[in-house]
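The next block holds one structure in the form of structure tokens; read it before the comments.
Read-outs: derived from the displayed coordinates by stated rules, not from any lab. Source: prediction; values computed, not measured. We place every Cβ from the backbone using ideal geometry, glycine too, and count neighbours over all the protein chains shown.
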Amino acid sequence: MSDTIQEPVIARYKPYYAELEKGKRYFWCACGRSKSQPWCDGSHKGTGIAPLPYQAQEDGEEVLFCGCKRTSDVPFCDGSHNNLRERYETDDPLSPENQAVPLAEEASPGRVVLDGSCRVHRVGRLPDEGAGTVEVRKLISPEDGAVHQSQFHLTLPPGYSQAMEFPRRQVLLFVTSDSGELAIGSRKFALDPCTGAFVRPGEAFALTAPPDRPMGVYASVFPHADGPQWRRGLADYFDSHYPDRTIATDRDKATPMADRFFQVLIDKTQGFENGAQFIGEIPLSKAVAHRHLYEETLIVVSGEGCLWTENVKTSVGTGDVIFLPPKQRHSLECTGKDGMLVAGVIFPGDNPSINY
Ligand code: FES
């Protein structure tokens with residue numbers, strides 16, 4: 001006689017991190033009743049639920065196994081745990097332990113170094129490293145501990161147009177409150193506030209500021225680059241396999257994450273391989289400290305708050321850029337009643353709601 005299938009039990013509201021051995025067979029507990037999470041201990045007997053075998057492909061493979069047992073991507077966490085409760089898990093910034101956390105120091109003008117290689121960089125205070133009319137500020141580079149990406153901020157004066165290239169690189173662009181135009185080959189795209197854009201490897205592109213005001217653009221480049229290479233004009237190359245290159249923020253397309261929201265803007269749909277660009281809304285609160293396996297950068301689009309790591313904290317405000325290396329324990333607090341908007345890039349990964 002077959003068992004009646006019972007509901008899985010929520011073992012916990014976040015995944016389990018595990019480092020695996022190549023070739024070894026692991027059995028992920030699917031019923032949630034095991035006392036040896038995330039592994040099966042036989043407690044599923046009579047539930048009608050069976051454990052799921054998993055074999056690591058390489059030594060040291062790092063995996064986040066679902067702890068809530070509600071994932072749609074068994075046995076891995078897919079972020080579903082966030083929506084099992086009404087509110088995102090938070091922490092009290094006024095607790096005695098948090099009140100004792102000191103402020104991090106500025107290592108050089110505009111650059112605050114927190115624990116590990118966690119950073120907050122303040123765009124307006126960084127030196128202009130551009131050699132011409134376009135101002136170029138280096139935000140994130142290998143010197144900051146970034147493994148996968150470099151990030152720059154470019155400012156074009158009113159009405160100015162400049163062609164450029166990051167040879168053989170994937171380039172993600174984001175405009176916060178400015179607007180202008182992006183051209184790739186003969187294709188033109190409007191860059192409006194809170195729009196993400198993508199340039200495929202091998203493509204040169206041109207940015208044009210509106211006639212009456214400057215345009216500031218954040219550019220994330222994969223893999224690293226020292227800076228843009230300026231071009232006199234555009235080669236007529238556009239990878240037409242991926243015709244859609246700009247995605248605007250649209251609250252109707254956002255994914256809820258308890259009382260927060262995020263919207264993936266650019267991912268493999270637009271040809272961005274192994275990563276994702278997203279925009280996220282954070283209400284007045286301090287998230288509980290957590291980690292993730294991807295490297296992440298966050299642009300504070302609007303609002304203000306505080307970034308916390310294990311031993312220090314620093315304020316963050318509009319225009320600042322946060323760099324979070326993989327596995328860095330951290331917490332982002334929004335301190336304004338109007339909330340905070342952040343534009344993030346994760347790599348590798350395509351789901352910014354997976355953390356542990
Ligand atoms: S822990 Fe189950 S989806 Fe994340």
Max mean-square fluctuation residue, GNM over the chain, Cα-Cα springs under 10 Å, options Lys14, Lys253, Lys22: Lys22
Calculated FRET efficiency for the pair Tyr237/Lys24, C-beta based, R₀ 56 Å, to 0.05: 0.75
Karplus-derived 3J(HN,Hα), 6.51/-1.76/1.60, for each residue of segment 229-237, Hz, glycine and proline x: 9, 6, 10, 6, x, 9, 5, 8, 10
Within a Gaussian network of the chain (alpha carbon springs, distance under 10 Å), most fluctuating of Leu284, Leu293, Leu207: Leu284
Count of lysine pairs in the chain with Cα separation under 14 Å (8 or more residues apart, or interchain): 4
Segment 1-84: C-alpha pair distances exceeding 19 Å, %: 35 percent
Sparsely packed trypsin sites (Lys or Arg not before Pro) within segment 104-207, loop by DSSP, other Cβ within 10 Å at most 14: Arg168
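I want the antiparallel fraction of DSSP beta bridges within segment 1-84, as a percent rounded to 5.
The antiparallel proportion sits near 90 percent.
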HN-Hα J in Hz across segment 126-132 - Karplus 6.51, -1.76, 1.60, θ = phi - 60°, x for Gly and Pro: 7, x, 7, 9, x, 9, x
Over the chain - Rg/Rh using Cα atoms and the Kirkwood inverse-distance radius: 1.01
Point-to-point label distance, Glu105-Leu84, nm (Cα→Cβ direction, 7 Å offset): 4.4 nm
From phi via Karplus (6.51, -1.76, 1.60), per-residue ³J(HN,Hα) for segment 328-342 in Hz, x at Gly/Pro: 6, 5, 7, 8, 10, 10, 9, 10, x, 5, 7, x, 10, 10, 10
